[in-house]
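Asks: What follows is a single structure, and I will ask about it in a moment.
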Amino acid sequence: MLTILFDGVAYGMLLFVLACGLSVTLGLMNFINLAHGSFAMVGGYCTVVLVNRLGIPFALGLPLAFLATALVGGLFERTLYVHVYARSHLDQVLFTIGLVFMSVAAVDYTMGSSQQFVQIPDALQGQFDVFGIGMGKYRLLIIVICGLLTVALQLMLAKTRFGSRLRAAVDDQRVARGLGINVGAVFGITFAFGSGLAGLGGALGAEILGLDPTFPLKYMIYFLIVVTVGGTSSITGPFLASILLGIGDVAGKYYVPKLGAFVIYAIMIAVLLWRPQGLFARGTAR
Amino acid sequence: MAMTVEDRPALADDVAAHLKRRARWSPLEIAFWIFAFATIWLFPGKYLILKDAAILALFALSLDLILGYAGILSLGQAAFFGLAGYFAGLVAKYGVINEPVIALVCSGVAAAALGFVTSFLVLRGSDLTRLMVTLGVSLMLGEVANRYSEITGGADGLQGVDIAPIFGRFRFDLYGHNGYVYCLIVLFVCFVIARRIIYSPFGLSLRAIKENTLRAAAVGIPVKWRLVAIYTISAGFAGIAGGLLTQTTAFCSLDVFSLDRSADLLLVLIIGGTGYLYGGLIGAVIYKLLQDWIANLTPQYWQFWIGLVLVVIVLVGRERIGGGNAALRAAVVRLGARLTSRPATLGGAAPDGR
């Protein structure tokens, strides 16, 4: 029972790191980015190449995956995404689904369609036994890393100048622009950073979520659930939503394995019916 | 005292005449359908791909009804497609309804019932919420179908479906001839119904809702119920498309619920253009040809090129592509007006208010 809880929390933390970039882009630019999972996949495959083929240590592979994905994300943002912000939601959905299809086929072409595994160091394998609860070392590492990241993100948003600019831009883009905040630049940086986080999540999660070319399609719905259920106005909303989702999914798959993801979708629809703006959104809709 | 149209017979007549003129079949439309039926004799070796295109066209037509006319963005049209697909498969397998046409109508009704129930979920919230709810519904159905694999066949698909001959006479033959004719006729019938709906006052009110929901409500259109109605109708059409697929292939698998199917559908509609009924039909034919051609070049990676087409379409601008369409349409309407050569009596010759 507690092991499920533990695994669920690890899973949820992972989902949060994967999805928090998406929640910011959605809240800031009202942009529906279905291709977020593609960036996570880029991070995952970067790690596979770096660690498995080039023999770079796992601990160094993770930050490199972050940087590489952030770079790719920034590049895409500046060259492609900027043209689509002002378009209708239909255009955004089409555009990003197109990107997903392209990334799936491109990865299939370059890396093959089989599932990839990252060689994690021996020191991280196996599990602790604490009061009879089995805790996987690797999962513990994920919780630690993601927990630290969450705290860092929260501090960054709340304390730094950039964070306050970002929050201002999310709250009211026009006024923020009027106050001299370069919303485009803020958004570009945030997008790159969010993509980087997704890449890091993909790298960390390759072991748990599995990594193959259909990754962006398989997990797209999960990221979107995190964002829609959590709301886009704060970082705590998506965080709580992803923990809930993680625990719900692990528990659902453990107790009613045949129903699979049914539980999750049902919960999502129920929540969205109850509060269309997300569980933790502030009351007003824009 | 409010005056209604009925109080002024002359105006009522004018409005009726205007609506009637709008709804008249143009020569090009007639030519389109003559050509569509001529394909039965023109391309005898291509029945399978033509049949797929016809089913896809009907499916796209169903999405066009809600996206192009009511402005509802949906990624969950596959839910109705899949539900009706399994419905048609199961009733045939267990011999509940042997006549394919009746079974098809029933599966459409089943899908419409699901559409009616879920429409209340879809009408809430923003575009993103709608997207998630529609997607969630179709994924949930996919999970249910997977769960009850002893009924649906699970990942292996529904097997052992034996479809009886249509009206007891026309067997679904190996070459797909009868199957294609059947699909084409169903498509035509559904199209005529959809066309009738769109050119009715009901259809006009949907346009009003899409252009400006607030104003539509202000002039007295019951927005919610109109949307529920069109969503239900659209679900029914999607269901008939799903039923057709099962009946003509005698098979139904879990991928009827997949996200790819709904995403492809959007692409079809975007290629053809939304909001003029033929978009789905033309888009379906182009899409099928494109898919066939690319799949022949690179069997495994055709998705890449489909994705590229999507990205390019959006970057170039749907309006620009649609603009070409609009110019073409205007030319067609002018041509049609000249051929029928009857003087306009109300509101000039503008084809529609855009």
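The values are calculated or read from the model by the stated rules, or taken from the named source; none is laboratory data. Just so we're clear, the structure is a prediction, and the values are computed from it rather than from any experiment. Heads up, the Cβs are rebuilt from the backbone with ideal geometry, glycines too, and the neighbour counts pull from every protein chain shown.
Asks: Looking at the range B:290-312, I want the residues that are in contact (Cβ under 8 Å) with a residue 24 or more places away in the chain and facing chain A (nearest Cβ under 8 Å) and have a partner that is part of a helix (DSSP H, G or I) and surrounded by 12 or more Cβ atoms within 10 Å (Cβ to Cβ) with Cβ atoms under 6 Å, at least 6 apart or on another chain. Which pairs are those?
Replies: B:I306/A:F101; B:L310/A:L94; B:L310/A:G98; B:L310/B:L267
Asks: What pairs come up if the first residue lies in the range B:134-158 and is at the interface with chain A (Cβ under 9 Å from one of its Cβ atoms), the second is among the polar types (S, T, N, Q) and part of a helix (DSSP H, G or I), and their beta carbons are under 8 Å apart, counting only those six or more places apart or on different chains?
Replies: Close Cβ pairs (under 8 Å, with a partner that is among the polar types (S, T, N, Q) and part of a helix (DSSP H, G or I)) amount to B:L135/B:S262; B:V137/B:T118; B:N146/B:T152.
Asks: For B:Y182, state whether it is touching a strand residue (DSSP E or B) at 6+ places or on another chain (Cβ under 9 Å) and more than 14 Å from chain A (Cβ to nearest Cβ). Quick ask: steps written out before the conclusion?
Replies: Details: touching a strand residue (DSSP E or B) at 6+ places or on another chain (Cβ under 9 Å): yes; more than 14 Å from chain A (Cβ to nearest Cβ): yes.
Here the answer is yes, as B:Y182 does meet what is asked.
Asks: Quick one: B:L75 ticks every box in (1) surrounded by fewer than 21 Cβ atoms within 10 Å (Cβ to Cβ); (2) closer than 30 Å to B:A216 by Cβ bar one, so which box is it?
Replies: That leaves (1) as the condition not met.
Asks: Another one. May I ask you to list the residues in the range A:6-56 that are outside any helix (DSSP H, G or I), buried (at least 24 other Cβ atoms within 10 Å of the Cβ) and among the polar types (S, T, N, Q)?
Replies: A:N33
Asks: Something else now. Any residue in the range B:28-54 that is assigned to a helix (DSSP H, G or I) sitting within a Cβ distance under 7 Å of a residue that is among the charged types (D, E, K, R) and surrounded by 14 or more Cβ atoms within 10 Å (Cβ to Cβ)? List the pairs, counting only those 6 or more apart or interchain.
Replies: B:I49/B:K288; B:I49/B:D292; B:D52/B:K288; B:A53/B:K288
Asks: Shifting gears a bit: With A:I221, A:I142, A:I247, A:I235 as the choices, which residue is within 14 Å of another protein chain (Cβ to nearest Cβ) and of a type in the set (A, V, I, L, M, F, W, C)?
Replies: After ruling out the rest, the residue left standing is A:I221.
Asks: Starting from residues that are of a type in the set (S, T, Y) and within 14 Å of the chain's Cα centre (by Cα), keep the ones in the range B:215-273 and report whichever is surrounded by the fewest Cβ atoms within 10 Å (Cβ to Cβ).
Replies: Start the filter on the range B:215-273 by keeping residues that are of a type in the set (S, T, Y), which leaves B:231-232, B:234, B:246, B:248-249, B:253, B:258, B:262.
With within 14 Å of the chain's Cα centre (by Cα) added as a condition, the list becomes B:231-232, B:234, B:262.
On the way: B:Y231: 25, B:T232: 20, B:S234: 28, B:S262: 22.
So the residue we want is B:T232.
Asks: Right, here's the next one. Could you please let me know if A:A70 is away from chain B (no Cβ under 14 Å), buried (at least 23 other Cβ atoms within 10 Å of the Cβ) and over 30 Å from B:S258 (Cβ atoms)?
Replies: yes
Asks: Do we find a residue being under 23 Å from B:N146 (Cβ atoms) and modelled with pLDDT under 85 anywhere in the range A:194-207?
Replies: no
Asks: Exactly one of (1) small (G, A, S); (2) at pLDDT below 90; (3) surrounded by fewer than 22 Cβ atoms within 10 Å (Cβ to Cβ); (4) part of a helix (DSSP H, G or I) is unmet by B:G125. Its number?
Replies: Every condition holds for B:G125 apart from (4).
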